[in-house]
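Please treat every number below as a calculation from the coordinates, not as lab data. None of the values given here were measured: they were computed from a predicted structure. Reconstructed Cβ throughout: ideal geometry from the backbone, glycine too, with neighbour counts over all protein chains shown.
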Amino acid sequence: MNGPFVLPPQAPIERDALDWDTFAGEDWDRRPVLFKGVLDRAGPFRLDEVYRSALVATRRSRARLPGDPDNAVVTLDRLQQLDPAPWMPQAADGSLAGYRRRMLDTLGARRYALVISAFHSFHRPLWRRERAFFAPLWRRTGLPLTGAITTLFHGNYESTPVGVHRDRFATFMVPVEGRKRMRFWAQKPWTEAVSTLPDYRAHLATSFLVEAGPGDLLYWPADYYHVGESVGGGVSTSVNIGIPRTEHRPVYDLEDLLVEIGDAASLVDPAAPLLRARMPAGVAALWDAAAPAPGHLPPQLPPALEAALGLLRAAAQAPALAARVGAVSLQRWSAGGFEPVPPLRRVARPPASARLALRPDSVVLQRRERGGWRFAADGHGLRLDGDAAAARALLARLRAGGALGPAEAVRDASRRGRGERESVLRWLLATGALQVRRGRE
């Protein structure tokens, strides 16, 4: 043998129509596919919604506490900025085009990249459109076990800042504006003991390129190494949807069973377990007494470990675990595969003349559990004790179609029933599953 085996480059197949049956049967987890011009106006992302979602991410970035994980990463000439907020979209920009102009005018020849994770969680209309677009795929492949991720990539960066890498996600890339190249390798192109490769010039011969623009949809399986590249130094905006396929860790399920699903920080900093959210404040990490002698440990656990173990024991009790599994399942189905979901909204009391109706694209579910009923609406959960008869009657009316006035919605023969209806109504409004129509029909 004269040298190491080199896998020849290979091009993905191209399709001129998006047929989920064909895709699931022939392409899913098998090969990259470029769907040419299939999205048009039916795609899951719109420029104005992408801009609004980025604005919310900017506000969250500015409001986070020191040490908290940040969903946003900004690099200038590959150097990550410790404070990305000044370089993120702002209300004064007016649009993504305005943001692009500000960045190019400010930076001149320098290149920039903006990457925002958990992107769908910042803007409810964007989340709804994305959920609806991928619902036909989930009916054929199954709902993602721990939810799909959404990441915004924007800028004129020469190549993805992290370099060539492989994810545990199968990925759909949706170009929103500008053109973007993706370079792929069917196998790991390097032998060094590193997980990413920023400088991959020595491995171009074994790669293949795919270029996509607005209206296109690009898919690649989780086992392909890849890196994004700009086209001619131009600015591009794309949104990637990652569906977990490999390297599933039990800790992902454990966190779901311990705390409320939907914390965007868990998608950014896996080293900050959600279990901390339930730990009592002020617990010492180690023993209160003097440090043990070398080679000897006290018979009792350190306070922090003892507290964590107590939480696990309580959560593992059969009734509590069964209830939690049911709650997580209900919320996951209503989230439609995209978590974290947008947070609950602060809503004002609807005027007496308003008409209230369930949104046609909302997913509202319910199930009976020990001692009460569990409800889920668009990824958010609610538990009511007892038979919840008033709440279930209200939901039945709303599901039947039509619209109700606020007074009609809460009308009940008993005081408890009225209170239950009011609680459910406030919750549905906060989740966004209930829409308010002005005036009378």
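Miscellaneous remarks
- Projecting label points 7 angstrom from Cα along Cα→Cβ for E211 and L301 puts them 5.8 nm apart.
- Lys, Arg +1 and Asp, Glu -1 on Cβ, resulting dipole of the chain about Cα centre, debye, nearest 20: 1780 debye
- When you count the other C-beta atoms within 10 angstrom of each residue and take the mean per peptide, 317-329, 207-219 line up highest first as 207-219, 317-329.
- Normalising the average separation of contacting C-alpha pairs (under 8 angstrom, six or more residues apart) by the number of residues puts the relative contact order of segment 13-120 at 26 percent.
- Full extension of the chain segment joining Q435 with R399 gains 11.7 nm, where the gain is 0.36 nm per residue of separation less the Cα-Cα distance.
- Charge dipole of the chain about the Cα centre (unit charges at C-beta), most positive-ward option of A72, A316, A335: A335
- Zero-based 10 Å bins, Cα pair distances in segment 109-256, whole percents: 10, 38, 37, 14, 1
- Simple Cβ-charge dipole of segment 386-441, Lys/Arg +1 and Asp/Glu -1, about Cα centre, in debye nearest 20: 120 debye
- Computed magnitude of the charge dipole of segment 154-247 (debye, nearest 20; Cβ of K, R +1, Cβ of D, E -1): 100 debye
- The relative contact order of the chain comes to 15 percent, based on Cα pairs under 8 Å that sit 6 or more residues apart.
- With eigenvalues of the C-alpha gyration tensor scaled by 5 and rooted, segment 390-441, Å: 17, 12, 11
- Value of [θ]222 nm, deg cm²/dmol, for the chain, DSSP H segments ≥ 4, -39500 (n - 2.57) each, nearest 500: -9000 deg cm²/dmol
- Peptides ranked, highest mean first, by Cβ atoms within 10 Å: ranges 193-204, 347-358, 82-93, 108-119: 108-119, 82-93, 347-358, 193-204
- Semi-axes of the equivalent ellipsoid for segment 334-441, computed as √(5λ) from the eigenvalues of its C-alpha gyration tensor and ordered from largest down, come to 20, 19, 12 Å.
- Prolate/oblate/rounded label for the chain (Cα gyration tensor, a/c 1.5): oblate
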